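Single-structure report; data block below.
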Amino acid sequence: MRSSMHWAVIAVACVSILLQSGCVAGQQLKYVEQFSKQPWQVFPGGRFKASTNSSMSATSMAGALFELKPGGVRELHWHNAAEWAMVLRGTCRATVLDEGKTHPTDTWDYTAGDVWYFPPNLPHSVVGLAPSGCLVLASYKSPDTNELKALSASGWLATLNVDTAALALGVPAGNAKRMLDKSRAQGRSQFIAQGPVQQLASQQPSLPVKRTKAVHRFSLAKNKYPVGPDGSYVNKADVATFPAATEMSGAILRLAPGGMRTLHWHPAADEWQYVINGTVEVGVFTAPGESITATIGPGDVGFAPVSSGHYVRNIGKDPAYLVLVFNNGVFTSIDVSNFLGAVPPSWLAAGLGISSDDARSINYRLAGLPGRPRPVQKKPEAAKKAGRKL
Ligand SMILES: *[C@@H]1O[C@H](CO)[C@@H](O)[C@H](O)[C@H]1NC(C)=O
Ligand SMILES: *[C@@H]1O[C@H](CO)[C@@H](O)[C@H](O)[C@H]1NC(C)=O
C-alpha cells in the first residue's frame, strides 16, 4: 500500500512537471527509485543489486547493495569510479591494494557504521565473516557503475591462454590449464563466491604485508556530532576527518518522528540517498515549475543534484535513518532559513510578495535539523535580532 501511494505521488509530480514547464515525455525527473522492490541477483556466497542511471535520473552517482554470507567472497576487482561504502549489518573483512610503499595493503574488519573509501581503479575484495556475514551499501562517483561489469581477477584469467597464464602465475602449464578450466567453468558465480569461513578469517596472506593504520576505513561510531533536542542528527565522514576520501563523503542522517532536514542545497556536491529504515517524504526542486515530491521507505534510494533545493522529512511513527553520500570529499550546505534571515524582513516581504508581519514571523533560526516541526511564534523583536545576527 505504501508502494502504490509512492508511485501515485511520483506520477502526480511528473504530471505537474509536464504541465508547468512543458518538459517532454522521457525527460521526466526520476529522483527516487523504489530500490527495495528491485530483485536481488543471487550468487553462491551472497547477493547483489545495483541502482544506476538506467533506473533513476542520477546523473553522476550510482549505488549498490551487497549481502555476503559468512565465507562469501566478493572477488578481487576494480573499477574506474571511486567507491564509498557503509556496512549496515554484520561484519566483513575488506582489503584494498594501494599503490606506493607506505601501505601496500589495507586489510581490516568492518562492522555496522564503518565506512570504506576505495579510490578509482584500486583493486579490492570483501569477505563476509561469521556469524552473520554482512550487508553493505556502496555508492560510486559515476552514474553507471555496476559491479557486474567491473574488471576482476577471474575475468582477466579467463581471457588468457594456458601458456600465458602459466608464465604469469609461475606454475607448470598443466596446473595452469587445470586452474583455467575450473575457473572458467564457474564463470560468473565468482562474482560472490562461497569460501571456507574459518580459513578465510584465520589464514595469513602468502606474501608478508606491512600493516600500518586503517587508511581506507573510518568508523562513524567514533564521531562526535551535534544532536538536536529530539535526537535528530547528521553524523558525517568527510575528507577533514577521513583524509583518504578525497572524492566522496557521506553521513548517517537520523530524523526523529516529525523531524526534518529543512530546505537546503549543496553548492558543490550531488547527493545520493539510501533509506535504512523509516518512511520519509523527499522533495527536490530543480528549476522553476520543476520539482518532485515522493515518499520512500526502507531500502529505497533518492538523488538530489548539485544546487537543487531539497529536504527530507520523517513522516512515519518511528525514527528514520538514511545514508547520504556525496560526490565530493567536502560537502557544504546552504540552508534556506539562513539565506532568508540574511536580509531585512521588509526586503524579504517584497521579494516573496508577503506581508511584513508574515515576513517577521518566520523563524530564521530554523536551519538544519530543528527536530519536531513546531509553529514557532517568535516575537518580532527576537526575529529581527536573529535576522541581523545571521
Ligand atoms: C548513464 O551514464 C553514462 C555515463 O555518463 C552515459 O553514457 C549513459 O548515456 C547514461 N545513461 C542514461 C540512461 O542516462
Ligand atoms: C534503524 O537503523 C538504525 C541504523 O542502522 C538502527 O540503529 C536502528 O536500530 C534501526 N531501527 C529499527 C527499528 O530497526
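Below is a table of values for the structure above.
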{"quantity": "Out of Val301, Val323, sole residue that is more than 16 Å from ligand 1 (Cβ to nearest atom) and buried (at least 18 other Cβ atoms within 10 Å of the Cβ)", "calculated": "Val323"}
{"quantity": "Residue ranges of helices (runs of 4 or more DSSP H) in segment 284-366 with at least 1 members touching a residue at least 12 places away in the same chain (Cβ under 8 Å) and β-branched (Val, Ile, Thr)", "calculated": "336-341"}
{"quantity": "Hey, Leu160 within 16 Å of ligand 2 (Cβ to nearest atom), out of contact with any Asp or Glu (no Cβ under 9 Å at 6 or more places or on another chain), within 18 Å of His77 (Cα to Cα) and not hydroxyl-bearing (Ser, Thr, Tyr) or not", "calculated": "no"}
{"quantity": "Pair list, Cβ < 6 Å and 6+ apart or interchain, from segment 42-62 residues that are without any contact (Cβ under 8 Å) to a residue 24 or more places away in the chain to residues that are within 16 Å of ligand 2 (Cβ to nearest atom)", "calculated": "Lys49/Leu65"}
{"quantity": "Criterion (farther than 20 Å from Ala130 by Cα, surrounded by fewer than 13 Cβ atoms within 10 Å (Cβ to Cβ) and at pLDDT 95 or above) met by exactly one of Ala168, Ala185, Ala176", "calculated": "Ala168"}
{"quantity": "Residue that is within 16 Å of ligand 1 (Cβ to nearest atom), modelled with pLDDT of 95 or more and not in a loop (DSSP other than H, G, I, E, B), where the choices are Ala81, Ala85, Ala50", "calculated": "Ala50"}
{"quantity": "Helices (runs of 4 or more DSSP H) completely within segment 157-204 that count 3 or more residues being within 30 Å of Glu67 (Cβ to Cβ)", "calculated": "173-186, 197-202"}
{"quantity": "Whichever residue in segment 54-101 is more than 16 Å from ligand 2 (Cβ to nearest atom) and of a type in the set (Asp, Glu) and, among such residues, is nearest to Val127 (Cα to Cα)", "calculated": "Glu75"}
{"quantity": "Qualifying residue in segment 239-247 (condition: under 18 Å from Phe326 (Cβ atoms) and within 16 Å of ligand 2 (Cβ to nearest atom))", "calculated": "no"}
{"quantity": "Single residue of segment 277-331 satisfying the filter (β-branched (Val, Ile, Thr) and within 12 Å of ligand 2 (Cβ to nearest atom)) that is nearest to Met86 (Cα to Cα)", "calculated": "Val323"}
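Condition check ((1) of a type in the set (Ser, Thr, Tyr); (2) buried (at least 23 other Cβ atoms within 10 Å of the Cβ); (3) in the same structural domain as Phe303 (by TED's automatic domain parsing)) across all residues:
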{"position": "Leu122", "(1), (2), (3)": "no, no, no"}
{"position": "Val127", "(1), (2), (3)": "no, yes, no"}
{"position": "Pro131", "(1), (2), (3)": "no, no, no"}
{"position": "Ser142", "(1), (2), (3)": "yes, no, no"}
{"position": "Ala150", "(1), (2), (3)": "no, no, no"}
{"position": "Leu157", "(1), (2), (3)": "no, no, no"}
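The values are calculated or read from the model by the stated rules, or taken from the named source; none is laboratory data. Computed from a predicted structure; not experimentally measured. So basically every Cβ, Gly included, is an ideal-geometry build from the backbone, and we count neighbours across all protein chains shown.
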